[in-house]
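What follows is a set of notes on a single structure, which appears directly below.
The values are calculated or read from the model by the stated rules, or taken from the named source; none is laboratory data. Because the structure is predicted, anything quoted here is derived from the model rather than measured. Don't worry about glycine lacking a Cβ; one is built from the backbone with ideal geometry, like all the others, and counts go over all protein chains shown.
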Amino acid sequence: MSGSQPPGPLRSGADYIESLRGRDLAVYYLGERVAEPVDHPVMRPSVNAVAATYDLAASDPEAASARSALTGERVNRFLHVTGSAADVVAQNRMQRRLGQLTGTCFQRCVGMDAINALWSVTYDIDAAHETPYHQRFRAFVAAMQRGNLVVGGAMTDPKGDRSRGPSAQADPDLFTRVVERRADGIVLRGAKAHQTGCVNSHWLLVMPTMRLREGDEDYAIACAVPVTAPGLTFIVGRQSCDARALQGGDIDLGNARYSGQEALIVFEDVFVPWEQVFLDGEVDYAAPLVERFTAYHRRSYVCKTGLGDVLIGAAATAADYNGVEKASHIRDKLTEMAHLNETIYGAGIAASHESRPTAAGNYAPDPLLANVCKHNVTRFPYEIGRLAQDLAGGLVATLPGEKELDNPVTGPLLRRFLVGRPGVPAEHRMRILRLIENMTLGRNAVGYLTESMHGAGSPQAQRIQIARQMGLAAKKRLAKRLAGIPEEPGG
Ligand code: SF4
Ligand code: FE
């Protein structure tokens with residue numbers, strides 16, 4: 001693989017963090033180029049969340065690693081090609097666990113799901129067109145596994161005028177495209193929006209964003225690009241309350257250690273050697289690639305049930321601190337939150353259990369159940385968040401800052417007037433309320449709420465897939481049979 005590689009195989013979260021240093025990426029935030037994202041107080045929590053995926057693989061290999069059929073070695077599960085339905089289920093269990101440990105988006109599932117989708121789609125293209133994509137892709141995945149690297153998936157184009165396709169946009173770069181094909185590779189131009197964890201990755205897997213038609217050949221491109229490739233610019237998204245990380249302290253952050261990350265990536269004439277190109281011009285395969293990827297990724301959103309576990313625990317703690325945890329209406333709200341959370345998980349884990357082998361041999365989840373999982377995720381975290389704020393009380397939004405605790409005038413007043421039931425210091429109440437604020441209004445509401453709405457496709461995208469797969473004709477036949485209606489012309 002071309003592109004700079006970090007030294008040696010990365011074993012721990014600390015190794016991973018070191019591997020990100022000194023890359024001189026063109027990362028922009030608050031109007032300035034960021035000298036070292038790893039050490040930036042706003043960006044570091046998102047690095048820590050990815051580091052947690054390495055530490056879990058080290059501390060619990062069953063949960064977060066698997067033996068690779070490619071290398072024969074144990075590899076991080078985020079880089080593993082699924083060899084059974086049990087492997088697909090294990091991804092979901094790992095995702096819930098990491099959601100519980102970080103309370104945020106740990107950023108690696110897009111790459112994991114892109115690896116598994118491209119694995120089978122490249123195989124299918126080669127079978128139809130005698131292209132060399134699958135062998136190239138196998139070599140790429142083996143190199144990622146050996147280096148234990150973070151692979152980000154880059155799918156969502158900016159899309160400009162949504163009523164027009166890629167070739168009909170006023171600016172042809174609003175969808176990422178090939179602008180030149182050379183003897184040694186291709187040149188890419190365009191952008192990818194909302195890219196989860198991209199600055200924290202080593203490589204990006206670029207994929208088309210939607211179904212393409214004849215005439216869109218230059219947009220039908222899938223390839224691997226190192227994050228260090230010349231011509232890439234990363235414009236980091238702002239998150240609600242992110243600047244609190246610049247103000248010192250830790251209480252007001254709610255979750256001081258972990259956050260997610262999204263950025264706009266701009267590609268300005270980025271060169272990609274042929275060995276890293278896995279789809280080039282086969283427009284008919286854009287739709288299968290997007291659909292296979294989204295089937296994996298829409299049930300990956302069980303990650304949010306791990307965050308839900310944290311938020312339910314925070315709401316129960318807030319109620320306990322107020323002395324009302326045992327009140328029947330409080331128990332009922334906590335029960336409702338758990339019901340919603342497990343409903344998300346139920347659909348996701350069922351999609352994984354129902355996995356089937358692809359022609360390429362890896363396993364892919366049930367697409368209908370995966371879409372139902374993600375559709376639940378577009379709604380239920382908002383209701384869980386509403387109930388958490390209900391249980392927290394208004395103080396979740398009116399709480400004075402932690403610096404007031406240190407002030408000689410206000411500190412004693414807060415410690416006296418913000419107490420709850422006996423034995424609970426004001427600071428503990430402040431910490432748990434800040435965590436609820438963090439997940440429902442602050443930094444990690446990006447991951448828990450808005451990403452739940454739009455990540456892996458907005459709600460309408462799932463409704464389209466559910467409508468396609470709901471089997472209405474078969475359901476009508478069932479009804480007519482029991483109602484005693486004979487076969488009718490047209491079904
Ligand atoms: Fe993984 Fe969830 Fe983040 Fe997507 S939103 S990358 S599924 S943690
Ligand atoms: Fe996401």
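Can GLN239 be described as within 22 Å of GLY31 (Cβ to Cβ), surrounded by fewer than 24 Cβ atoms within 10 Å (Cβ to Cβ), of a type in the set (S, T, N, Q) and touching a residue at least 40 places away in the same chain (Cβ under 8 Å)? Outline the logic, then answer.
Numbers: within 22 Å of GLY31 (Cβ to Cβ): yes; surrounded by fewer than 24 Cβ atoms within 10 Å (Cβ to Cβ): yes; of a type in the set (S, T, N, Q): yes; touching a residue at least 40 places away in the same chain (Cβ under 8 Å): yes.
Taking the combined requirement at face value, the residue satisfies it.
Do you know which of the residues in the range 71-93 that are hydrophobic (A, V, I, L, M, F, W, C) and more than 10 Å from ligand 1 (Cβ to nearest atom) is surrounded by the fewest Cβ atoms within 10 Å (Cβ to Cβ)? Can you show your working first?
From the range 71-93, those hydrophobic (A, V, I, L, M, F, W, C) are 75, 78-79, 81, 85-86, 88-90; that's our starting set.
In the following step, the residues that additionally are more than 10 Å from ligand 1 (Cβ to nearest atom) were identified as 75, 79, 81, 85-86, 88-90.
On the way: VAL75: 23, LEU79: 26, VAL81: 24, ALA85: 18, ALA86: 13, VAL88: 25, VAL89: 22, ALA90: 20.
For the range 71-93, the residue satisfying everything is ALA86.
Applying the selection to the range 278-299, what residues are in a strand (DSSP E or B) and either surrounded by fewer than 24 Cβ atoms within 10 Å (Cβ to Cβ) or within 16 Å of ligand 1 (Cβ to nearest atom) (or both)?
Residues of the range 278-299 that are in a strand (DSSP E or B), as a first pass: 278-280.
Answer for the range 278-299, where residues must be in a strand (DSSP E or B) and either surrounded by fewer than 24 Cβ atoms within 10 Å (Cβ to Cβ) or within 16 Å of ligand 1 (Cβ to nearest atom) (or both): LEU279, ASP280.
Name the residues in the range 32-57 that are among the aliphatic types (A, V, I, L, M) and in contact (Cβ under 8 Å) with a residue 60 or more places away in the chain, would you? Steps first, answer last, please.
Step one: list which residues in the range 32-57 are among the aliphatic types (A, V, I, L, M), which gives 34-35, 38, 42-43, 47, 49-52, 56-57.
Of everything in the range 32-57, those that are among the aliphatic types (A, V, I, L, M) and in contact (Cβ under 8 Å) with a residue 60 or more places away in the chain turn out to be VAL34, VAL42, MET43, VAL47, ALA49, VAL50, ALA52.
Does any residue of the range 144-155 turn out to be outside any helix (DSSP H, G or I), more than 29 Å from VAL310 (Cα to Cα) and either in contact with a Ser or Thr (Cβ under 6 Å, 6 or more places away or on another chain) or within 16 Å of ligand 2 (Cβ to nearest atom) (or both)? Give the derivation first.
So in the range 144-155, the residues outside any helix (DSSP H, G or I) come out as 148-155.
Checking the rest, the ones that are also more than 29 Å from VAL310 (Cα to Cα) come to 155.
In the following step, the residues that additionally are either in contact with a Ser or Thr (Cβ under 6 Å, 6 or more places away or on another chain) or within 16 Å of ligand 2 (Cβ to nearest atom) (or both) were identified as 155.
Checking the range 144-155: at least one residue is outside any helix (DSSP H, G or I), more than 29 Å from VAL310 (Cα to Cα) and either in contact with a Ser or Thr (Cβ under 6 Å, 6 or more places away or on another chain) or within 16 Å of ligand 2 (Cβ to nearest atom) (or both).
So which residues in the range 97-112 are under 17 Å from SER68 (Cβ atoms) and either aliphatic (A, V, I, L, M) or more than 8 Å from ligand 1 (Cβ to nearest atom) (or both), if there are any at all? Outline the logic, then answer.
Let us first name the residues in the range 97-112 that are under 17 Å from SER68 (Cβ atoms), namely 108, 111-112.
If the condition is that a residue be under 17 Å from SER68 (Cβ atoms) and either aliphatic (A, V, I, L, M) or more than 8 Å from ligand 1 (Cβ to nearest atom) (or both), then GLY111, MET112 are the ones that fit.
Does the range 305-328 include one or more residues that are outside any helix (DSSP H, G or I), hydroxyl-bearing (Ser, Thr, Tyr) and either away from ligand 1 (no atom under 16 Å from the Cβ) or at pLDDT 95 or above (or both)?
If we filter the range 305-328 for residues that are outside any helix (DSSP H, G or I), which is where we start, we get 322-327.
Add one more test, that the residue is hydroxyl-bearing (Ser, Thr, Tyr), and what stays is none.
Among the residues of the range 305-328, not one is outside any helix (DSSP H, G or I), hydroxyl-bearing (Ser, Thr, Tyr) and either away from ligand 1 (no atom under 16 Å from the Cβ) or at pLDDT 95 or above (or both), which makes the answer no.
Could you check the range 73-106 and list, in sequence order, the residues that are more than 16 Å from ligand 2 (Cβ to nearest atom) and in a helix (DSSP H, G or I)? Explain how you work it out, then say what you get.
To start, the set of residues in the range 73-106 that are more than 16 Å from ligand 2 (Cβ to nearest atom) comprises 73-77, 79-90, 93, 97, 100-101.
Matches in the range 73-106: ARG77, LEU79, ALA85, ALA86, ASP87, VAL88, VAL89, ALA90, ARG93, ARG97, GLN100, LEU101.
Residues in the range 300-317: is at least one over 20 Å from ALA49 (Cβ atoms), away from ligand 2 (no atom under 16 Å from the Cβ), crowded, with 24+ Cβ neighbours inside 10 Å and more than 21 Å from the chain's Cα centre (by Cα)?
Yes, that holds for at least one residue.
Looking only at the range 471-479, decide whether some residue is assigned to a loop (DSSP other than H, G, I, E, B), surrounded by fewer than 14 Cβ atoms within 10 Å (Cβ to Cβ) and more than 16 Å from ligand 1 (Cβ to nearest atom). Break it down into steps so the answer makes sense when it comes.
Restricting attention to the range 471-479, the residues satisfying the condition of being assigned to a loop (DSSP other than H, G, I, E, B) are 471.
Next, only the ones that are surrounded by fewer than 14 Cβ atoms within 10 Å (Cβ to Cβ) stay: 471.
The next check asks that each one be more than 16 Å from ligand 1 (Cβ to nearest atom); those that pass are 471.
Within the range 471-479, one or more residues are assigned to a loop (DSSP other than H, G, I, E, B), surrounded by fewer than 14 Cβ atoms within 10 Å (Cβ to Cβ) and more than 16 Å from ligand 1 (Cβ to nearest atom).
With respect to GLU342, determine if the residue is out of contact with any Leu (no Cβ under 6 Å at 6 or more places or on another chain) and under 19 Å from MET439 (Cα atoms). Even if it seems obvious, please write down each step before you answer.
Values: out of contact with any Leu (no Cβ under 6 Å at 6 or more places or on another chain): yes; under 19 Å from MET439 (Cα atoms): yes.
So GLU342 fits the description; yes.
Of the conditions (1) free of Cβ contacts under 8 Å to residues at least 60 places away in the same chain; (2) not in a strand (DSSP E or B), ARG213 clears all except one; give me its number.
Exception for ARG213: condition (1).
Looking only at the range 159-181, which residues are outside any strand (DSSP E or B) and touching a residue at least 40 places away in the same chain (Cβ under 8 Å)?
From the range 159-181, those outside any strand (DSSP E or B) are 159-176; that's our starting set.
Passing the criteria: LYS159, GLY165, PRO166, SER167, PHE175, THR176.
Restricting to the range 406-463, what's the tally of residues that are within 14 Å of ligand 2 (Cβ to nearest atom), part of a loop (DSSP other than H, G, I, E, B) and farther than 14 Å from GLY385 by Cα?
The total comes to 4.
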